[in-house]
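A.B. asks: Take a look at this one; I'll ask things after.
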Amino acid sequence: MKLFENGAYLLNGNDVVINSPQASAEVAQKTGKNVTPEEAKKETIAYGILKEHNTSGNMDKLQIKFDKLTSHDITFVGIIQTARASGLEKFPIPYVLTNCHNSLCAVGGTINEDDHMFGLTCAKKYGGIYVPPHQAVIHQYAREMLAGGGKMILGSDSHTRYGALGTMAIGEGGPELVKQLLNKTYDIDMPGVVGIYLTGEPIKGVGPQDIALAIIGEVFANGFVKNKVMEFVGPGVSNLSVDYRIGVDVMTTETTCLSSIWRTDDKVKEFYEIHGREGDYAELNPGDVAFYDSFIEIDLSTIRPMIAMPFHPSNTYTIDELNANLMDILDDCEKRAEVSFDGKVKLDLKSKVKNGKLYVDQGIIAGCAGGGFENICDAADILKGASIGPDEFTLSVYPASTPIYMELVKNGAVANLLATGAIVKTAFCGPCFGAGDTPANNAFSIRHSTRNFPNREGSKVQNGQVASVALMDARSIAATAANKGYLTAATDIDVNFTKPKYFFDKTIYENRVFDSKGVADPSVEIQFGPNIKDWPAMSPLPENLVLKVVSEIHDPVTTTDELIPSGETSSFRSNPLGLAEFALSRKDPEYVGRAKEIQKAQKALEADTCPVKALPELKPVMDAIKAQFADVNHTNVGYGSTIFAVKPGDGSAREQAASCQKVLGGWANIANEYATKRYRSNLINWGMIPFIIDEGTLPFKNLDYLFVPGIRAAIADGKTEFTAYVVKDGALTPFTLHMGELTPDEKDIILKGCLINYYRG
């Protein structure tokens, strides 16, 4: 794999000219055209799709309107509640509500099923599409029924990626979908486009997850594709089946790119034909001379079976490399865990080594990444006639949709899997975020799913429980299962892959999916459950801010799972205050109490009572502030909390990572950088300021008070640099905060206090 930071020209889809001082002359010699990089950038597939959907008339400042929207049952309640509070009357474009995350009814209550009924009645009232639980995971339904060549889809799940089908899809926090529901736009600067030039063909036994992990391992840490569009081109694309391309594509989220798009061909056309949607196919290719801002060359034949060790998809090794350096790599993982868990619980991976081999406790093939037809067929071929054994090792397989499940039953793959001792389950995203299939304490799980962050397998470090997940391809998981739990690469076994043809039967969708065909019925009453709550009132940004630092996180990257846990907390996603009780619970259990303590002052202010009486520790803070800023008083100041994290926001698109901080009185985050565009957008949409502080300069520590004077006027004026003060021991010590440029709407949202206030006017 070769990375070219300065970009490259692609001529006629095949000939690569790496950018250099001589590149333009070489291009002219080969094509007879004198084309500048700026002109040639317009010939990428991505540029053409973005131009088609841009409403601003300015390709540097995009205002995108999407063709379709999609959400699942962890996010759609909050999105619709926000939109309703902002004036929603009808879904203006197709909006699909799938039920693949909170699929399981909560034990001892009906919390999750109440969310489903809320979704069904909203689909009827506002004119949407409702996919019942266990029918399909969100992204497989979108592939089968929504994607279209040259189209754009916005989803409230970070793995919203349908580029292999010619659809540019973006995963964002819920408020960005609210904007689309209210006929507003998705506003971003024109993103860079990275050419991913594929040659060669994968060797037997190497699957899409192997290709994806190899890419992630190369580009995550260096930010090579961060917030950019990955465009897959080159002759190697045609050597991959569409299912294979989809398996690579869905994992591009883990690179922190904005979106992805692939050139399309007859194989993609056949995909649409199989699904009865021939008219949705479009042939997409870059122009004769296209220029990419940066470029990656990948020879697919060089990729070997991969494993992403705990606790990140970028912690990658070849399986051969892991087996050759087993104890050293396991020791490194244990040391990383000790830092991440602050020594609260000990991860012991080295005890998994038996007779010099790594023994695995659990295998899972599931979800939008692993649950595809070809992945499961290949796994069944590897396992045919084998047994997973009667010991600790277990294997669960989750087809990504009921149509896939039906075809696997018809062609015998399910029977082959069940005969080995594996369990085949319904479409469910639980294994990806820690709901269901939680292994035993200190167990090691290998999964063809999307993420392996801490607690993604369902353990709770704060309760002394730990397990860990490594990501692998379905084929090597099956090979490991055939070897009764001893880690094995699929390339180490002899198998005849049968590659059965896929036949799509949409009968189950016709029988079970509610599709309004875009017709709203205002007479329908929305069905609420007792756990579905409205958003609490939120104040506009005050003229001056007093902030208390209530959490300080120095991990290199902080995931959204650490900001608001996944798993069992998902039952409270429809209850803003209830969910907020879990904020940072697995990273900083003191956070919620500290945030609530400073929030007392703001609540007192809003109730027209004395903030200092509500929180006496504020008195010396305010005395010090007033000594230097005499005009600061209860009429022009606000109180709240902030957190510092080095690089927060990697992972899920879930808006609750920000909204939970907001409902607890958060006014800002302070970071060296933000891991993803979507997390920064979530902060802004919930009225929180995404401050940046220079790396290596941290003048405050946890529990310190900060004062930011004139913040409202500074935001309104579009300033991107702010003087703040640490308030301590009766003195004010100045330091500088920065912020990336805001769009006019983003400024107004922060000034109003949140997106809901902005749309209410």
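The values are calculated or read from the model by the stated rules, or taken from the named source; none is laboratory data. Here the structure is a predicted model, which is why all the values come from computation and not from measurement. A quick note on method: Cβ atoms are made from the backbone with ideal geometry, for glycine too, and the neighbour counts reach across all protein chains shown.
A.B. asks: Got at least one residue in region 429-446 being at pLDDT 90 or above, assigned by TED's automatic domain parsing to the domain that holds LYS354, in contact with a helix residue (DSSP H, G or I) (Cβ under 8 Å, 6 or more places away or on another chain) and within 23 Å of SER314 (Cβ to Cβ)?
C.D. replies: yes
A.B. asks: Select from region 632-655 the residues that are touching a residue at least 12 places away in the same chain (Cβ under 8 Å) and among the hydroxyl-bearing types (Ser, Thr, Tyr) and list them in ascending order. Outline the logic, then answer.
C.D. replies: Step one: list which residues in region 632-655 are touching a residue at least 12 places away in the same chain (Cβ under 8 Å), which gives 632, 634, 636-655.
Within region 632-655, TYR639, SER641, THR642, SER652 meet the criteria.
A.B. asks: On the given criteria, is ALA604 within 16 Å of LEU545 (Cα to Cα), in the same structural domain as MET688 (by TED's automatic domain parsing) and out of contact with any strand residue (DSSP E or B) (no Cβ under 6 Å at 6 or more places or on another chain)? I'd like the intermediate steps shown before the answer.
C.D. replies: Details: within 16 Å of LEU545 (Cα to Cα): yes; in the same structural domain as MET688 (by TED's automatic domain parsing): yes; out of contact with any strand residue (DSSP E or B) (no Cβ under 6 Å at 6 or more places or on another chain): yes.
So ALA604 passes the test.
A.B. asks: Now for a different question. Where residues in region 379-437 are among the hydroxyl-bearing types (Ser, Thr, Tyr) and part of a helix (DSSP H, G or I), which of them is surrounded by the fewest Cβ atoms within 10 Å (Cβ to Cβ)?
C.D. replies: Looking only at region 379-437, we keep the residues that are among the hydroxyl-bearing types (Ser, Thr, Tyr), and these are 387, 394, 396, 398, 401-402, 405, 420, 426.
Subset that is part of a helix (DSSP H, G or I): 402, 405, 420.
Values: THR402: 22, TYR405: 26, THR420: 20.
Of everything passing the filter in region 379-437, THR420 is surrounded by the fewest Cβ atoms within 10 Å (Cβ to Cβ).
A.B. asks: Any residue in region 490-508 that is surrounded by 14 or more Cβ atoms within 10 Å (Cβ to Cβ) sitting within a Cβ distance under 6 Å of a residue that is part of a loop (DSSP other than H, G, I, E, B)? List the pairs, counting only those 6 or more apart or interchain.
C.D. replies: So the pair list comes out as ALA490/GLY205; ALA490/PRO305; THR491/GLY205; THR491/PRO305; PRO500/ASN411; PHE504/HIS275.
A.B. asks: Scan region 278-299 for residues that are buried (at least 18 other Cβ atoms within 10 Å of the Cβ) and more than 30 Å from GLU38 (Cα to Cα) and report the count.
C.D. replies: So in region 278-299, the residues buried (at least 18 other Cβ atoms within 10 Å of the Cβ) come out as 280-281, 284, 286-287, 289-298.
Now drop any that are not more than 30 Å from GLU38 (Cα to Cα), which leaves 280.
Result for region 278-299: 1.
A.B. asks: For region 83-121: of the residues being modelled with pLDDT of 95 or more and in contact with a strand residue (DSSP E or B) (Cβ under 7 Å, 6 or more places away or on another chain), which is surrounded by the fewest Cβ atoms within 10 Å (Cβ to Cβ)?
C.D. replies: Only one residue tops the list, namely ILE93.
A.B. asks: So if I check each of PHE504, PHE514, which one is of a type outside the set (Asp, Glu), more than 20 Å from PRO208 (Cβ to Cβ) and at pLDDT 95 or above? Walk me through it before giving the result.
C.D. replies: On the way: PHE504 fails: more than 20 Å from PRO208 (Cβ to Cβ).
It is PHE514.
A.B. asks: When you go through (1) modelled with pLDDT of 95 or more; (2) within 26 Å of LYS41 (Cβ to Cβ) one by one for GLU201, which number turns out not to apply?
C.D. replies: (2)
A.B. asks: I need the helices (runs of 4 or more DSSP H) fully contained in region 1-55, keeping only those with at least 3 residues that are among the aromatic types (Phe, Trp, Tyr), touching a residue at least 12 places away in the same chain (Cβ under 8 Å) and farther than 22 Å from GLY236 by Cα.
C.D. replies: none
A.B. asks: Okay, next question. Report, by residue number, each residue of region 314-345 that is among the aliphatic types (A, V, I, L, M), within 23 Å of ALA214 (Cα to Cα), touching a residue at least 40 places away in the same chain (Cβ under 8 Å) and in contact with an Asp or Glu (Cβ under 9 Å, 6 or more places away or on another chain). Don't jump to the end; show me each part of the working.
C.D. replies: As a first pass, look at region 314-345 and keep what is among the aliphatic types (A, V, I, L, M): 319, 322, 324, 326-327, 329-330, 337, 339, 345.
If we keep only those that are within 23 Å of ALA214 (Cα to Cα) as well, we get 319, 322, 324, 326-327, 329-330, 337.
If we keep only those that are touching a residue at least 40 places away in the same chain (Cβ under 8 Å) too, we end up with 319, 322, 337.
Result: ILE319, single match.
A.B. asks: Residues that are not assigned by TED's automatic domain parsing to the domain that holds GLY195: which helices (runs of 4 or more DSSP H) entirely in region 255-371 hold 1 or more of them?
C.D. replies: On the way: elements: 266-274, 319-324, 326-340, 367-370.
Where helices (runs of 4 or more DSSP H) fall fully within region 255-371 and carry at least 1 residues being not assigned by TED's automatic domain parsing to the domain that holds GLY195, they are 319-324, 326-340, 367-370.
A.B. asks: May I ask you to say which residue of GLU38, GLU5, GLU43 is among the acidic types (Asp, Glu) and under 28 Å from GLY155 (Cβ atoms)? Let's see the steps before the verdict.
C.D. replies: On the way: GLU38 fails: under 28 Å from GLY155 (Cβ atoms); GLU5 fails: under 28 Å from GLY155 (Cβ atoms).
Sole residue among the options that is among the acidic types (Asp, Glu) and under 28 Å from GLY155 (Cβ atoms): GLU43.
A.B. asks: If you take the residues of region 304-318 that are among the hydrophobic types (A, V, I, L, M, F, W, C) and more than 30 Å from PRO403 (Cβ to Cβ), which of them is surrounded by the most Cβ atoms within 10 Å (Cβ to Cβ)? Please lay out each step first, then the result.
C.D. replies: Narrowing region 304-318 to residues among the hydrophobic types (A, V, I, L, M, F, W, C): 306-309, 311.
Narrowing the set further to residues that are more than 30 Å from PRO403 (Cβ to Cβ) leaves 307, 309, 311.
Numbers: ILE307: 27, MET309: 23, PHE311: 23.
Residue satisfying both the conditions and the ranking: ILE307.
A.B. asks: Do you know which of the residues in region 337-364 that are surrounded by fewer than 18 Cβ atoms within 10 Å (Cβ to Cβ) and of a type in the set (Lys, Arg) is nearest to ASN441 (Cα to Cα)?
C.D. replies: The first filter runs over region 337-364 and keeps only residues surrounded by fewer than 18 Cβ atoms within 10 Å (Cβ to Cβ), leaving 338-339, 342-344, 346, 348, 350-351, 353-357.
Those still in the list that are of a type in the set (Lys, Arg) too: 344, 346, 350, 354, 357.
Numbers: LYS344: 14, LYS346: 11, LYS350: 14, LYS354: 18, LYS357: 20 Å.
So, considering only residues that are surrounded by fewer than 18 Cβ atoms within 10 Å (Cβ to Cβ) and of a type in the set (Lys, Arg), the one nearest to ASN441 (Cα to Cα) is LYS346.
A.B. asks: Among the residues that make up region 106-118, is at least one of them among the β-branched types (Val, Ile, Thr), in contact (Cβ under 8 Å) with a residue 40 or more places away in the chain and in contact with a Lys or Arg (Cβ under 6 Å, 6 or more places away or on another chain)?
C.D. replies: We begin by selecting, within region 106-118, every residue among the β-branched types (Val, Ile, Thr); these are 107, 110-111.
Within this subset, residues satisfying the condition of being in contact (Cβ under 8 Å) with a residue 40 or more places away in the chain are 110-111.
With in contact with a Lys or Arg (Cβ under 6 Å, 6 or more places away or on another chain) added as a condition, the list becomes none.
No, because not a single residue in region 106-118 is among the β-branched types (Val, Ile, Thr), in contact (Cβ under 8 Å) with a residue 40 or more places away in the chain and in contact with a Lys or Arg (Cβ under 6 Å, 6 or more places away or on another chain).
A.B. asks: What residue, of LEU755, LEU703, is at pLDDT below 95 and aliphatic (A, V, I, L, M)? Quick ask: steps written out before the conclusion?
C.D. replies: Values: LEU703 fails: at pLDDT below 95.
Answer to the check: LEU755.
A.B. asks: Does VAL495 satisfy being in the same structural domain as ASP348 (by TED's automatic domain parsing), assigned to a loop (DSSP other than H, G, I, E, B) and hydrophobic (A, V, I, L, M, F, W, C)?
C.D. replies: Details: in the same structural domain as ASP348 (by TED's automatic domain parsing): no; assigned to a loop (DSSP other than H, G, I, E, B): yes; hydrophobic (A, V, I, L, M, F, W, C): yes.
It is false that VAL495 is in the same structural domain as ASP348 (by TED's automatic domain parsing), assigned to a loop (DSSP other than H, G, I, E, B) and hydrophobic (A, V, I, L, M, F, W, C).
A.B. asks: If you check every pair at least six apart or on different chains, which have Cβ atoms under 8 Å apart with a residue in region 557-581 that is within 18 Å of PRO313 (Cβ to Cβ) first and a residue that is surrounded by fewer than 24 Cβ atoms within 10 Å (Cβ to Cβ) and of a type in the set (Val, Ile, Thr) second?
C.D. replies: The qualifying pairs are VAL557/VAL646; THR558/VAL646; GLU562/ILE553.
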